[in-house]
Amino acid sequence: MIANPANAEWIVAAVLGKSKYRHVHPHLVRGLAERELAKGRAPREAVGEVAGKLHQVAGAYFPRQPDYMRWLHELETLPRDAGHENTRAFSTRVMRSHASTAERIPDLEEFFQTTLASIAPVTSILDLACGMNPLALAWMPLSSSSRYVGCDLYMDLTGFLSSFYAHIDRSGQFEACNLLDMAFPDLPAKRAQVTFLLKTLPCLEQLERGAGLRLLHAIPSSYILVSFPVSSLGGRPKGMRANYENQFLEMVAGRNWRVERFSFKTELAFLVEKDEQPV
């Protein structure tokens, strides 16, 4: 069934009209709306389905609405050095606003120093579905001239990250993107030494089965750092560590990729080495 364009636009407007989702990339919302209509759902029913999917993969990670205006005002008073104790304290506090990065904070330095040790100092990063993770650059083994490119489905989030990197005078480019687009027209064009997919694949698979592997193939990096949560947002393990490890190893089986495994208290990670070379 071909979705009625007028119905799809009505659904997009209704979803983006909700305060929780008004800054979500509209192309993603439209794609989800068209899929729900193709299933035969009525427009009003489709609005609930699309909003529910967005909550599962994005909204649930923000227990409270991010206060970007307050953070930007505070940022103006901070040192321009990302490694300064005051700037690090600010970064840590803001990362706690996002459930995914909040979980990583107890292992923050160990996580990046360990997983990236074999390719350090890292010269360029592409962070897909980045959330607040780019604020952790002070804990990463980066070169002094490193380039950080990130994208997320929230436009206000990427705007805040752009302001943060401008304040600390580091090379950073952040924009909204839709990782479900098969042609990936919004994927930042610059290639990077390593791409981060931190706790992202399960969310993609919730939206579209097979999207994770398609994205792994499309990423133009020599290395991909993939990670998975080991417990639910409510803190229950549910066998997630073993399940995600099995799913990921099955996903990459038979491909000429080298995979290194890392296990942390709150996260399971894999550094994948592909054949492509960075620029």
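The values are calculated or read from the model by the stated rules, or taken from the named source; none is laboratory data. The structure presented is a predicted model; accordingly, all values stated were derived computationally and were not measured. Reconstructed Cβ throughout: ideal geometry from the backbone, glycine too, with neighbour counts over all protein chains shown.
Here are the numbers for the structure shown:
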| quantity | calculated |
| --- | --- |
| Which listed residue, of SER232, SER162, SER171, SER222, is among the small types (Gly, Ala, Ser), under 25 Å from ARG96 (Cβ atoms) and modelled with pLDDT under 95 | SER232 |
| Those strands (runs of 3 or more DSSP E) lying entirely in the range 215-279 with at least 2 residues among the polar types (S, T, N, Q) | 221-229 |
| Test result for PHE184, modelled with pLDDT under 90, under 30 Å from ALA51 (Cβ atoms) and not in a helix (DSSP H, G or I) | yes |
| Verdict on GLY48 being at pLDDT below 95 and either in contact with a strand residue (DSSP E or B) (Cβ under 6 Å, 6 or more places away or on another chain) or not assigned by TED's automatic domain parsing to the domain that holds MET155 (or both) | no |
| Residues of the range 229-240 that turn out to be within 17 Å of GLU205 (Cβ to Cβ) and among the charged types (D, E, K, R), as a count | 1 |
| Single match in VAL15, VAL24 (criterion: without any contact (Cβ under 8 Å) to a residue 40 or more places away in the chain and closer than 19 Å to ALA60 by Cα) | VAL15 |
| Residue in the range 83-101 that is crowded, with 18+ Cβ neighbours inside 10 Å, touching a residue at least 60 places away in the same chain (Cβ under 8 Å), among the polar types (S, T, N, Q) and closer than 23 Å to LEU204 by Cα present | yes |
| Residue match in the range 190-201 (condition: at pLDDT 95 or above, surrounded by 17 or more Cβ atoms within 10 Å (Cβ to Cβ) and of a type in the set (D, E, K, R)) | yes |
| Condition check for CYS130: under 26 Å from LYS18 (Cβ atoms), at pLDDT below 95 and in the same structural domain as SER221 (by TED's automatic domain parsing) | no |
| Qualifying residue in the range 155-165 (condition: touching a strand residue (DSSP E or B) at 6+ places or on another chain (Cβ under 6 Å) and touching a residue at least 40 places away in the same chain (Cβ under 8 Å)) | yes |
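To keep it simple, each residue is scored yes or no on (1) within 17 Å of PHE160 (Cβ to Cβ); (2) within 22 Å of the chain's Cα centre (by Cα); (3) surrounded by fewer than 18 Cβ atoms within 10 Å (Cβ to Cβ).
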residue: GLY17; (1), (2), (3): no, no, yes
residue: HIS25; (1), (2), (3): yes, yes, no
residue: ALA51; (1), (2), (3): no, yes, no
residue: ALA58; (1), (2), (3): yes, yes, no
